[in-house]
Structure formats: C-alpha cells, structure tokens
Amino acid sequence: MSNGKLLVVSGPSGVGKGTLLREVFRSSSLPLVFSVSATTRKSRQGEQHGVDYFFMDKEEFERRRLNGEFLECFEVYKGGDWYGTLQSQVDKHLNAGNWVVLEIDVKGASEVKRIRQEAITIFIEPESREVLQERLRGRGSENEDSLKRRLEQAEAELTRAKEYDHRIVNSDLVLATKHFCDLLKRIANV
Ligand code: 5GP
C-alpha cells in the first residue's frame with residue numbers, strides 16, 4: 001500500500017504556476033514529484049524532453065491515445081496542440097509513495113477528478129484579470145495569434161476556479177508558497 005497522493009494543479013497561462021510550484025517543491029518536506037506530461041507542441045528554448053514534457057508528433061500522440069496510455073488528454077488550444085497525462089508516469093510515482101503533481105488544464109483536471117475521486121484539485125488564481133493580461137503580453141514568447149488564444153483560454157479557465165477543492169491566489173510569491181505548503185501540511189495530517 002502506498003501513501004502517495006494525486007494533486008492536480010491548474011491555473012491560467014501566465015499566472016505563475018511554474019514558479020510557484022518550484023518554490024513549493026523547494027520548501028516542502030513532502031515527497032512531491034511532477035508527472036511529466038506528453039505534448040505535441042514544439043519545445044520552447046531551454047525545455048528538455050523527458051523533463052519539461054515528452055515532446056511527440058501528432059502521429060505518436062494519437063497512437064498512444066488509442067492505445068489507452070493516457071489518464072487524460074485534450075487538445076488544449078482549439079485546432080492546436082494536444083497535451084496528456086501518461087498513466088505510466090502517475091502509477092510509477094504513486095507506487096513509490098510519492099505525491100504526484102499534475103500541472104494540467106481545467107478540462108484535464110475535471111477528467112482526472114471524475115476518474116480518480118481521491119485526487120485533490122488546486123486552482124492558482126491571479127491577483128486580478130488585468131495583472132494576468134499584463135503578464136501574458138509581457139512574456140514575449142508568443143505570436144499574436146497564440147497570445148489571443150491564451151487570453152481567451154485564460155478567461156475561460158478563470159470561470160472554472162470554483163470547481164476546485166482549493167484555490168490559492170498568487171499575488172505575492174512568498175505568501176502564495178506559504179499558503180500552498182500549509183495546505184499540503186493540512187492534507188498530510190488528515
Ligand atoms: P504550456 O504550453 O504553457 O506548457 O501549457 C499550456 C497548458 O497546457 C497549461 O494550462 C498546462 O496546464 C496544460 N497542460 C500541460 N500538460 C497537460 C496535460 O498533461 N494534460 C492537460 N489536460 N493539460 C496539460
């Protein structure tokens with residue numbers, strides 16, 4: 001029997017999920033591990049295969065999808081790229097007693113919660129919509145089309161925050177890290 005837990009973390013693009021999760025991983029004494037997702041999107045500068053994502057072409061993704069290898073998978077940006085959680089990644093970590101963190105979009109999160117009711121869902125919120133838009137524009141890694149899609153997607157995701165078990169506002173990194181770690185401690189003690 002493992003004591004592993006499944007944590008699902010979502011939040012709109014630009015909310016600073018990555019940075020916050022890195023801080024939480026650094027600060028928490030719990031055995032947190034990321035499940036590396038698969039995606040058909042191109043890798044960004046500095047991203048590594050098997051670390052940030054398993055990058056694959058659409059044919060391979062589709063083959064593995066039909067093969068039932070994903071716990072959940074979705075075309076995150078319409079007409080764009082596919083993202084998916086590999087069942088093998090999740091099981092490997094849960095069986096080792098780790099707390100597996102899935103950083104996935106809202107559709108994926110509700111699918112995981114439907115299949116695995118024991119999953120704990122956490123939504124990372126921005127201080128305000130304006131701050132989020134500023135951050136997305138400032139990121140500079142997107143072309144106009146992709147930015148527009150991300151803004152629309154962010155707006156749609158924000159309306160689903162209430163479906164999550166827990167919500168954390170990421171206005172101040174230190175404070176948000178503390179809130180996140182306190183929440184994990186409470187979960188560990190129940
Ligand atoms: P990015 O392209 O910026 O790395 O991620 C874009 C979006 O895809 C984010 O909202 C991220 O949470 C989501 N995402 C990443 N991996 C997965 C996954 O395995 N499944 C789902 N459903 N969404 C994912």
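The values are calculated or read from the model by the stated rules, or taken from the named source; none is laboratory data. These numbers come from a predicted model, not from an experiment. Neighbour counts are summed over all protein chains in view; Cβ atoms, including those assigned to glycine, are modelled from backbone coordinates with ideal geometry. For accessibility, only protein heavy atoms count, side chains too; no ligands or nucleic acids. Shrake-Rupley method; radii C 1.70, N 1.55, O 1.52, S 1.80 Å.
Please enumerate the residues belonging to region 70-98 that are of a type in the set (D, E, K, R) and out of contact with any helix residue (DSSP H, G or I) (no Cβ under 6 Å at 6 or more places or on another chain).
Within region 70-98, 75, 78, 81, 91, 92 qualify.
Here is a yes/no grid of residues against (1) charged (D, E, K, R); (2) under 23 Å from residue 147 (Cβ atoms); (3) out of contact with any strand residue (DSSP E or B) (no Cβ under 7 Å at 6 or more places or on another chain); (4) modelled with pLDDT of 95 or more:
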residue: 34; (1), (2), (3), (4): no, no, no, yes
residue: 38; (1), (2), (3), (4): no, no, no, yes
residue: 46; (1), (2), (3), (4): no, yes, yes, yes
residue: 53; (1), (2), (3), (4): no, yes, no, yes
residue: 61; (1), (2), (3), (4): no, no, no, yes
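Which ones in region 3-24 are open to solvent by 40 Å² or more (accessible area, probe 1.4 Å) and either in contact with a helix residue (DSSP H, G or I) (Cβ under 9 Å, 6 or more places away or on another chain) or in a loop (DSSP other than H, G, I, E, B) (or both)? Give the derivation first.
The first filter runs over region 3-24 and keeps only residues open to solvent by 40 Å² or more (accessible area, probe 1.4 Å), leaving 3, 5, 19, 22-23.
Hits for region 3-24 are 3, 5, 19, 23.
Just checking, does region 107-121 include any residue being charged (D, E, K, R), within 11 Å of the ligand (Cβ to nearest atom) and on the phi < 0 side of the Ramachandran plot?
Scanning region 107-121, I find at least one residue that is charged (D, E, K, R), within 11 Å of the ligand (Cβ to nearest atom) and on the phi < 0 side of the Ramachandran plot, so the answer is yes.
Could you list all residues from region 24-52 that are touching a residue at least 24 places away in the same chain (Cβ under 8 Å) and within 11 Å of the ligand (Cβ to nearest atom)?
Hits for region 24-52 are 34, 35, 36, 37, 38, 39, 40, 41, 44.
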